[in-house]
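Have a look at the structure below, then the notes.
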Amino acid sequence: PFPDGTVLVKLAWKHVQSPEFEPASIPGPATTVQVMVKDSKKYAATGGWGFGRFINGKSADEAQHQTCFACHQARVRNHDFVFTRFAP
């Protein structure tokens with residue numbers, strides 16, 4: 001499990017065709033920033049994780065927290081609710 005205090009951040013962006021190499025795509029404008037914060041006491045009801053998402057610099061509402069948790073609970077419950085792997 002990830003230790004309390006862990007913060008995971010995912011930056012998503014639009015794919016843009018590379019001007020130098022047509023078959024390739026490169027990162028374009030950022031679309032969302034997604035955040036997970038591990039605090040087993042504060043977020044006990046959601047596996048010890050708090051979830052947040054920012055779209056165009058604006059925070060999503062509390063419903064987004066539950067939406068994120070539902071997906072993580074369904075798919076990676078046995079992996080501390082995290083899609084990625086811990087690298088100490």
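The values are calculated or read from the model by the stated rules, or taken from the named source; none is laboratory data. For clarity, every value in this text was computed on a predicted model and none was experimentally measured. Heads up, the Cβs are rebuilt from the backbone with ideal geometry, glycines too, and the neighbour counts pull from every protein chain shown.
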Worksheet item: What number of residues in region 60-88 are modelled with pLDDT of 90 or more and of a type in the set (Ser, Thr, Tyr)?
Response: 0
Worksheet item: Take the residues of region 6-49 that are of a type in the set (Gly, Ala, Ser) and within 30 Å of residue 73 (Cα to Cα): which is surrounded by the most Cβ atoms within 10 Å (Cβ to Cβ)?
Response: 48
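Hey, among 2, 21, which residue is more than 26 Å from residue 87 (Cα to Cα) and of a type in the set (Phe, Trp, Tyr)? Steps first, answer last, please.
Values: 2 fails: more than 26 Å from residue 87 (Cα to Cα).
Of the residues listed, the single one that is more than 26 Å from residue 87 (Cα to Cα) and of a type in the set (Phe, Trp, Tyr) is 21.
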Discussion item. Any residue in region 40-54 that is under 17 Å from residue 64 (Cβ atoms) and in contact (Cβ under 8 Å) with a residue 12 or more places away in the chain sitting within a Cβ distance under 6 Å of a residue that is assigned to a strand (DSSP E or B) and of a type in the set (Lys, Arg)? List the pairs, counting only those 6 or more apart or interchain.
Written reply: 49/38
Response to the item:
residue 27: passes all of (1) of a type outside the set (A, V, I, L, M, F, W, C); (2) free of Cβ contacts under 8 Å to residues at least 12 places away in the same chain; (3) in contact with a Phe, Trp or Tyr (Cβ under 7 Å, 6 or more places away or on another chain) but (2)
Item to complete: Please specify each residue of region 50-88 satisfying the condition of being surrounded by 11 or more Cβ atoms within 10 Å (Cβ to Cβ) and polar (S, T, N, Q).
Response: 59, 64, 66, 67, 73, 84
